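One structure below.
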Amino acid sequence: MTGILTALCAAAVLAQPPAWFAEAEVCSGWYRQWTDEAIADMRGLPFVIGVPPDALVIAKAHEQGTRVLAYVTFYQMPAVGEYQRANLAEHRDWNVIGADGSETDSVFASTENPGWKAVCPNSPAFRDFALEHVRYLVSQGVDGLFIDNAHPSALCEGPKYGRHEHLYAGEDNIRAYRCLLEEIQAELSADGKRRALIVNPGEPRPEWAGACDSQMLESYICTWASKTRWHDEGRILAFQKSWGDTPVLALSYIGHTANPPREDAFWCYAWARMSGFLWADWFTAKDTARELYTLRLGRPVSEMSLKDGVYSRRFEKGVVAAAGESEGGTLKVAAAEGKRAVDVFSGRGLEPDAGGVVTLAIEKGRARVVVFVDE
Ligand SMILES: [Zn+2]
């Protein structure tokens with residue numbers, strides 16, 4: 001059995017993401033009820049994560065052009081009670097078993113998920129359940145999957161304590177989880193329609209690269225867990241260096257610092273986009289910076305660069321720029337011929353000088369977006 005699965009694991013990687021996913025610049029997530037009002041509020045976003053497995057709800061989102069991804073976790077489950085259409089209490093062969101033979105708690109058991117247990121991706125029965133659940137979600141019409149908590153417990157002594165055998169005997173659960181991701185990716189598109197797979201390890205991990213279409217970088221710069229921008233400029237640049245121009249989804253939670261939320265939203269958006277990441281805010285800036293949801297700048301046409309105290313990157317239809325944290329600067333960009341330059345933050349038009357250059361002063365810690373629109 002192990003040999004067959006190893007072969008499957010090695011063969012399952014899919015190359016190109018769906019076109020709608022590759023072209024997306026922002027997205028969002030919604031974990032509350034998908035009422036008609038909530039769905040209408042998603043209009044203009046290319047895709048939203050967290051849709052319930054309900055064909056009617058999914059059809060409503062599709063009607064307005066919003067694609068939808070379901071939320072799942074294959075890391076943890078409540079010890080008792082139905083979750084993702086299964087009850088862990090009825091499946092003693094799914095638990096992760098620790099070195100002392102006890103069932104391993106989820107890392108969230110002491111905070112948001114009391115009583116939740118870690119589940120084993122190396123358990124054949126759990127793997128079968130995970131793939132069956134993916135098939136069910138696809139049958140409801142989802143356009144893809146968001147797998148949260150992509151940080152499996154590396155150690156499981158299930159075989160030693162007689163709870164289950166392992167698909168990948170003698171290997172830790174990092175390998176088993178990687179193979180599960182590859183199998184899920186293949187299952188998602190088994191009918192020939194390519195669906196998207198995003199995983200959330202907290203920060204991207206090299207082990208999952210290639211086994212999904214995107215990895216999440218959660219709490220990017222702004223987060224509910226800090227009253228300041230907890231990633232400073234050095235850290236932001238380090239993320240860009242490590243993961244720039246790979247399909248990372250940077251999620252910022254706006255509204256928790258002393259800054260105006262609109263400034264934080266532009267700051268996080270700008271750094272994500274200059275780094276070549278998708279950006280999301282889970283609707284935390286919907287009342288203060290909503291136009292970021294529908295900005296479409298097209299492909300980047302330059303690298304990110306630093307000049308006159310401002311980092312910037314040019315895209316087909318605009319320029320994204322941020323001053324440094326400690327000093328302001330000036331953005332100077334060549335206007336696009338036959339187009340009007342607009343500062344998205346203020347909504348003001350920017351007049352080019354005689355040389356066709358548009359100038360915009362940017363204060364320290366602030367970011368701006370200039371778009372080129374038809375006259
Ligand atoms: Zn196990």
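The values are calculated or read from the model by the stated rules, or taken from the named source; none is laboratory data. A quick note: this is a predicted structure, and the numbers were derived from the prediction, not measured. Using ideal geometry, Cβ is built from the backbone for each residue, glycine included, and neighbour counts are taken over all protein chains shown.
Side notes on the structure shown:
- Flag if P206 is at negative phi, within 16 Å of the ligand (Cβ to nearest atom) and free of Cβ contacts under 8 Å to residues at least 12 places away in the same chain: no
- Note on the stretch 55-77: among residues that are among the hydroxyl-bearing types (S, T, Y) and assigned to a strand (DSSP E or B), the one that is farthest from D105 (Cα to Cα) is Y71.
- All of S102, S123, S106 fail the test of being in contact with a Leu (Cβ under 8 Å, 6 or more places away or on another chain) and among the hydroxyl-bearing types (S, T, Y), apart from S123.
- In the set (1) in contact with a Cys (Cβ under 8 Å, 6 or more places away or on another chain); (2) without any contact (Cβ under 8 Å) to a residue 60 or more places away in the chain; (3) away from the ligand (no atom under 16 Å from the Cβ), L278 fails one condition alone, (2).
- Under the condition of being without any contact (Cβ under 8 Å) to a residue 60 or more places away in the chain and either among the acidic types (D, E) or within 13 Å of the ligand (Cβ to nearest atom) (or both), the residues counted in the stretch 119-137 number 10.
- Answer from L137, L131 - the residue that is in contact with a Pro (Cβ under 7 Å, 6 or more places away or on another chain) and either more than 21 Å from M216 (Cα to Cα) or part of a helix (DSSP H, G or I) (or both): L137
- 1 or more residues at pLDDT 95 or above, more than 20 Å from M304 (Cβ to Cβ) and over 17 Å from the mean Cα position of the chain (by Cα): qualifying helices (runs of 4 or more DSSP H) within the stretch 164-282: 173-188, 261-274
- Residue satisfying all of: in the stretch 64-118; touching a residue at least 60 places away in the same chain (Cβ under 8 Å) and polar (S, T, N, Q); nearest to I184 (Cα to Cα) among these: T73
- The test for being within 15 Å of the ligand (Cβ to nearest atom), at pLDDT 95 or above, closer than 24 Å to R195 by Cα and part of a loop (DSSP other than H, G, I, E, B) holds for P152.
- Scanning the stretch 52-63 for residues that are in contact (Cβ under 8 Å) with a residue 40 or more places away in the chain and touching an Asp or Glu at 6+ places or on another chain (Cβ under 9 Å) turns up I58, H62.
- Neighbours by Cβ (under 6 Å, 6+ apart or cross-chain): first from the stretch 156-168, closer than 19 Å to L180 by Cα and near the ligand (Cβ under 9 Å from one of its atoms); second part of a loop (DSSP other than H, G, I, E, B) and β-branched (V, I, T): C156/V96
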